[in-house]
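Remarks on the structure that follows.
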Amino acid sequence: FFVWWGSFDSVGDIVRNSSRYQNQTVYLFGKVETAYNIPFVGGLYKFKDTSGSMWVVSDKDSTSEGRTMYVEADVQSSPNEKTLELKNKLEKRLDSKIFEGSRIPPVLVEKDRGGLFASFKAIRAKK
């Protein structure tokens, strides 16, 4: 079990070293804290593991808050045009800011997600 758990990347490490992870695929296991969704556009959710939390952008509808799952995603040190468009639509819909301040933190662009059993498959594929 511990070998499997150690195969995941750390949100805290990605946040501290986002330039090192830029455009790389990472595998995370944790919990969804906050989730926003715009039907037929995509979703944005805050994902947390034991080391920290960061935002995940998805082409799919967002997942549910409180869900424990794995995420396979690419790291963006600075958000691309599509990420900014989704953020702006969500902020307009919510009538509030999602990111505080003028600097947008690094984000993850979701490639795949799933529950516990899907995470075993993802880690096996990573090796």
Residue within the stretch 18-38 that is assigned to a loop (DSSP other than H, G, I, E, B), out of contact with any Cys (no Cβ under 7 Å at 6 or more places or on another chain) and without any contact (Cβ under 8 Å) to a residue 40 or more places away in the chain present: no
So Val57, is it open to solvent by less than 20 Å² (accessible area, probe 1.4 Å) and modelled with pLDDT under 90: yes
Failed criterion for Ser102 (all others in (1) farther than 13 Å from Phe29 by Cα; (2) at pLDDT 80 or above; (3) of a type outside the set (Val, Ile, Thr) hold): (2)
All positions within the stretch 39-50 that are in contact with a Gly (Cβ under 9 Å, 6 or more places away or on another chain), open to solvent by 40 Å² or more (accessible area, probe 1.4 Å) and either closer than 19 Å to Leu94 by Cβ or assigned to a strand (DSSP E or B) (or both): Lys48
Boolean, Ser53 is farther than 21 Å from Gly114 by Cβ and either assigned to a strand (DSSP E or B) or polar (S, T, N, Q) (or both): no
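The values are calculated or read from the model by the stated rules, or taken from the named source; none is laboratory data. Note that this is a predicted model, so its numbers are computed, not measured. All Cβ positions, even for glycine, are placed from backbone atoms using ideal geometry, and neighbour counts span all protein chains on display. These area figures cover heavy atoms from the full protein model, side chains too; ligands, DNA and RNA do not enter into them. Shrake-Rupley method; radii C 1.70, N 1.55, O 1.52, S 1.80 Å.
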